[in-house]
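Presented below is the structure to which this report refers.
The values are calculated or read from the model by the stated rules, or taken from the named source; none is laboratory data. A quick note: this is a predicted structure, and the numbers were derived from the prediction, not measured. Here Cβ is always computed from backbone atoms with ideal geometry, including for glycine, and neighbour counts include all displayed protein chains.
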Amino acid sequence: MPKKVTPTENTVNCEYKSSIFAMLFRDKTKLLELYNAISSTEFTDPDLLKVVTLENAIYMGLKNDLSFIVLEIRLYLYEHQSTPNPNMPLRDLLYVADEFSDLTKDMNLYGSRKIRIPAPHFFIFYNGEEDRPDRDVLKLSDLYYEKEEDPSLELKAIALNINKGHNPELMETCQTLREYAEYTDRVRQYAKEMPLEEAVERAITECIREGILEDFLKKNRAEAMKVSIYEYDAQKHIEMEREDSYRDGYQAGKDDGYRQIIRTMLSNGRTVAQISAELEIEEDRVIELAGKSED
């Protein structure tokens, strides 16, 4: 299960870099601003938020998660992503199972008395370069081998596009998020014209001068510079890996996984055409992986 750690407020773990998004919103005042914008509330006391950070919300050396409990009755997990990930509902399930395990560790789960737990909510803040809708809902049931009309276990994660020009109402309500989108967009645009380090330096200098994330960038300029470069490089690395994977085809481990699934589906009466449609792979590939010769 994921292991929970409690970071010092407004600091960056020495082993892992926090993303700019996580650095910004680990400030509980800014996190409350974002929460109010998402939830259409008007809370003013940041101490209403009990912040928890999960160790396994780390990818490519970046901590991207912000998990917190509001008024002890709702549990929220916010995660920032620059690359779409359809597996987020499964990851969220693991996160929340760990948190519930910790919250109930001293309670009698086998007794007759009902145990109360905070209602979980999951949000993904996406700002990658791939075109995505303003709002999307990812479901755990979308990952099941077979689709079910009424799955016994479901988890829904709401993905919000926070690139500049998207979700205007949300951006209008949350100034910090709007300024973050502006800063990110400038880094991305300038990196097309000049070396990355120069692009980040120019974006930081301009934003400070124009009052965009001014206090944050002044206070954390050196760290923001390093993390922005790291984030951008990490995103490009992921994109290159995806392109390489596409060109090279399925790796041996993925082949084995598909082979098992396909053979199981065939034994359950599925046709090659049905399997092709459900797994979204070519019929010839289904036949190849199943070791089945064409009739």
Open item on the list: Can you say whether E169 is surrounded by fewer than 21 Cβ atoms within 10 Å (Cβ to Cβ), in contact with a helix residue (DSSP H, G or I) (Cβ under 8 Å, 6 or more places away or on another chain) and in the same structural domain as H80 (by TED's automatic domain parsing), as far as the supplied structure shows?
Closed with: no
Open item on the list: For a quick check of your reading of the model, give me the residue pairs whose first member lies in region 102-122 and is in contact (Cβ under 8 Å) with a residue 12 or more places away in the chain, whose second is among the β-branched types (V, I, T) and in a strand (DSSP E or B), with beta-carbon atoms closer than 7 Å and at least 6 apart or on different chains.
Closed with: P118/I69; F122/I158
TODO: For Q81, work out the one condition from (1) within 23 Å of E231 (Cα to Cα); (2) at pLDDT below 85 it doesn't fulfil.
DONE: (2)
